[in-house]
């Protein structure tokens, strides 16, 4: 059965806390990671929490990549959702691992939208990417 | 061990396709669902794909809620990430189930950021929400 999308959940532990504090830096890192994976950015939204910690989401033609950081715990949560096989999740993970200086990473990957049978509505749309 | 966040993956199948086509309508539905769950919206970004299908992300103080729709397959993928126990994931799911007229829904829930031991950096920040 075909999956319409793939979703990767990444947990980056024991990161360099100074890499996790400022939205400008996190935005630069995440956008660079997305491009390293071949993603095409539509829009990026980043938000600073008080006193520290960042939430960011990059909407891409392949779907989205999100990050949430806890500098006080040296932890960052990332998720990558793509509807195209062209987006390289592993390349994004590798880039973030190096940029955040994480000492430990966990990864979980899921198929999204597994159709039981072909849709009765013919798919006439182009590939979303 | 405490988890810093909770992440719910929702798959809505056999939806009413006309509910999945336009970003304006999807944005209204998702924002209302977030509010039904007690979430506070920071910013919302929605994007139409050609010829149909929507990607949307709502950044909330509790983290994010994202949706991707495939009207031609009557399917929508949603994920809810929260760093606070205050956000009601079940209420968001219920709202979306009714609004999208889904006949079948699957749910998977994960803990994010499970720390092995208390961080050496004291957490002085306020609750993120």
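The values are calculated or read from the model by the stated rules, or taken from the named source; none is laboratory data. Keep in mind it's a predicted model, so treat the numbers as computed, not measured. Methodologically, a virtual Cβ is constructed for each residue, glycine included, from the backbone with ideal geometry; neighbour enumeration extends over all protein chains shown.
Among the residues of segment B:87-104, what is the count of those that are farther than 12 Å from residue B:20 by Cα and within 14 Å of the chain's Cα centre (by Cα)?
Of the residues in segment B:87-104, the ones farther than 12 Å from residue B:20 by Cα are B:87-95, B:97-98, B:103-104.
If we keep only those that are within 14 Å of the chain's Cα centre (by Cα) as well, we get B:87-95, B:97.
Residues in segment B:87-104 being farther than 12 Å from residue B:20 by Cα and within 14 Å of the chain's Cα centre (by Cα): 10 in total.
Considering B:122, B:126, which residue is modelled with pLDDT under 90, within 13 Å of chain A (Cβ to nearest Cβ), in contact with a helix residue (DSSP H, G or I) (Cβ under 9 Å, 6 or more places away or on another chain) and surrounded by fewer than 17 Cβ atoms within 10 Å (Cβ to Cβ)? Show your work before the answer.
Numbers: B:126 fails: in contact with a helix residue (DSSP H, G or I) (Cβ under 9 Å, 6 or more places away or on another chain).
It is B:122.
I'd like the residue in segment B:83-104 that is in contact with a helix residue (DSSP H, G or I) (Cβ under 7 Å, 6 or more places away or on another chain) and crowded, with 24+ Cβ neighbours inside 10 Å and, out of all such residues, is farthest from residue B:11 (Cα to Cα).
Only one residue fits best here, namely B:92.
Applying the selection to segment B:47-76, what residues are closer than 24 Å to residue B:104 by Cβ and out of contact with any strand residue (DSSP E or B) (no Cβ under 9 Å at 6 or more places or on another chain)?
B:72
For segment B:45-58, name all the residues that are buried (at least 23 other Cβ atoms within 10 Å of the Cβ) and more than 13 Å from residue A:62 (Cα to Cα).
Listed by number, the residues that qualify are B:57, B:58.
Is it the case that segment A:25-36 has a residue that's more than 9 Å from chain B (Cβ to nearest Cβ), closer than 26 Å to residue B:108 by Cα and assigned to a strand (DSSP E or B)? I'd like the intermediate steps shown before the answer.
Taking segment A:25-36 and keeping what is more than 9 Å from chain B (Cβ to nearest Cβ), we get A:25-36.
Retained after the next criterion (residues that are closer than 26 Å to residue B:108 by Cα): A:30, A:34.
Imposing the further condition that a residue be assigned to a strand (DSSP E or B) reduces the set to none.
Among the residues of segment A:25-36, not one is more than 9 Å from chain B (Cβ to nearest Cβ), closer than 26 Å to residue B:108 by Cα and assigned to a strand (DSSP E or B), which makes the answer no.
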